[in-house]
Amino acid sequence: MKKALLAPAAVSQSAVPRLAYSMREAAEAIGVSYITIHRLLKRGLLKSSSALRTKVIPATEPGKVP
């Protein structure tokens, strides 16, 4: 008997590591406001990906903010 493969929907969210956050999620993660994240991006103190319509901040970035 073959083993059944898990469908993508059956995999829990906690099993997949988070690679990036939205601006709002990044603000909550480091305890600042949304506008502060926007200012940090404009000053170049925080990097984001602009490949999508919305800005996405890599999971490694929020820990670097002073």
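A few comments on the model shown:
- Surface listing: I30, I35, I57 arranged by accessible area from highest to lowest gives I35, I30, I57, probe 1.4 Å.
- Placing dummy labels 7 Å off each Cα toward the beta-carbon, the span from L52 to S33 is 2.5 nm.
The values are calculated or read from the model by the stated rules, or taken from the named source; none is laboratory data. The structure displayed is predicted, hence computed values, not measured ones. Positions of Cβ are backbone-derived with ideal geometry, glycine not excepted, and every protein chain shown enters the neighbour counts. Keep in mind that these areas ignore ligands, DNA and RNA; they rest on the heavy atoms of the full protein, side chains included. Shrake-Rupley method; radii C 1.70, N 1.55, O 1.52, S 1.80 Å.
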